[in-house]
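Asker: Before I ask anything, let me first share the structure, which is written out below as structure tokens.
The values are calculated or read from the model by the stated rules, or taken from the named source; none is laboratory data. Keep in mind that this is a model prediction, so the values were computed, not measured. Cβ: placed from backbone, ideal geometry, glycine included. Neighbour counts: every protein chain shown. These accessible areas exclude ligands, DNA and RNA; they are computed on the full protein's heavy atoms, side chains included. Shrake-Rupley method; radii C 1.70, N 1.55, O 1.52, S 1.80 Å.
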Amino acid sequence: SACYTTPRLSRFTASDGETLAYRTYYGLEDRQIVMIHGSACFGDQLHKLARHIAEESAATVHTIDMRGHGHNARGSAPAENYARDVGEFCGQLKQRPTRPQVILAGHSAGGGLVLNVAYGAYVHKIDGILLLAPYLGIASGSLRPYFGGWLVSIAWLKLAATAALNLIGFTRFNDRPLVAFDREACLHDPRFVREWSFDT
């Protein structure tokens, strides 16, 4: 079915030379929606929603694989890189001749990233935000225990120790795994990420 056919994969080059995979669903050119996936996931999971929005001519939609996720090379990166990548991608869209409205949308941890961008240096690159069951912090009342089972384990002591070391500028252990995700899902699709480090 055409509904399940994803657009071709494209690449966006960030300012540090890292390339990020994304897909574009063409619809209304004057409104561009950039969709960010959740923790350990990938952009193609947003395919049905992106396709529907584009087919309704509500907007042109871009689904991005964040660093170390989906079709991008595995590896960790400082959290600020994610916000910068998204901000630069949105900024590139804003430079198009039509000067489109840019809406930043995010699901789960992607929603938390959207808020990070909206409160950061790249806020002027977006015109609005859309939050889809956003992650609002570990103490949020909207968060189900262990993300409803998606998050299998957290190495709390290692996390606390790594955070303390970062406060004094020691980052040697930032790439060590601290969070593990549902491995059964990971076995079904290699695009899932099995673990997150402190950097991620």
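Asker: How many residues does the stretch 115-131 contain that are open to solvent by less than 30 Å² (accessible area, probe 1.4 Å) and over 28 Å from ARG172 (Cα atoms)?
Answerer: 3
Asker: Find the helices (runs of 4 or more DSSP H) located wholly in the stretch 43-136 whose residues include 1 or more that are farther than 24 Å from ASP30 by Cα, and list them.
Answerer: On the way: elements: 47-55, 79-94, 109-118.
Filter on the stretch 43-136 gives 79-94, 109-118.
Asker: Please find, among ALA58, ALA40, ALA109, ALA73, the residue that is surrounded by fewer than 19 Cβ atoms within 10 Å (Cβ to Cβ) and within 19 Å of GLU195 (Cα to Cα). If you could, list the steps in order and put the result at the bottom.
Answerer: On the way: ALA58 fails: within 19 Å of GLU195 (Cα to Cα); ALA40 fails: surrounded by fewer than 19 Cβ atoms within 10 Å (Cβ to Cβ); ALA109 fails: surrounded by fewer than 19 Cβ atoms within 10 Å (Cβ to Cβ).
On inspection, the qualifying residue turns out to be ALA73.
Asker: Also, quick follow-up: Test of understanding: among ARG96, ARG8, ARG31, ARG23, which residue is touching a strand residue (DSSP E or B) at 6+ places or on another chain (Cβ under 9 Å), within 28 Å of ALA180 (Cα to Cα) and of a type in the set (D, E, K, R)? Break it down into steps so the answer makes sense when it comes.
Answerer: Numbers: ARG96 fails: within 28 Å of ALA180 (Cα to Cα); ARG8 fails: within 28 Å of ALA180 (Cα to Cα); ARG31 fails: within 28 Å of ALA180 (Cα to Cα).
After applying the criteria, what remains is ARG23.
Asker: Follow-up. Looking at LEU46, LEU9, LEU93 in this structure, which one is crowded, with 22+ Cβ neighbours inside 10 Å and in contact (Cβ under 8 Å) with a residue 60 or more places away in the chain? Explain how you work it out, then say what you get.
Answerer: On the way: LEU9 fails: crowded, with 22+ Cβ neighbours inside 10 Å; LEU93 fails: crowded, with 22+ Cβ neighbours inside 10 Å.
Answer to the selection: LEU46.
Asker: Between TYR25, TYR82, which is farther than 19 Å from ASN116 by Cβ and buried (at least 21 other Cβ atoms within 10 Å of the Cβ)?
Answerer: Numbers: TYR82 fails: farther than 19 Å from ASN116 by Cβ.
One residue alone meets the criteria, TYR25.
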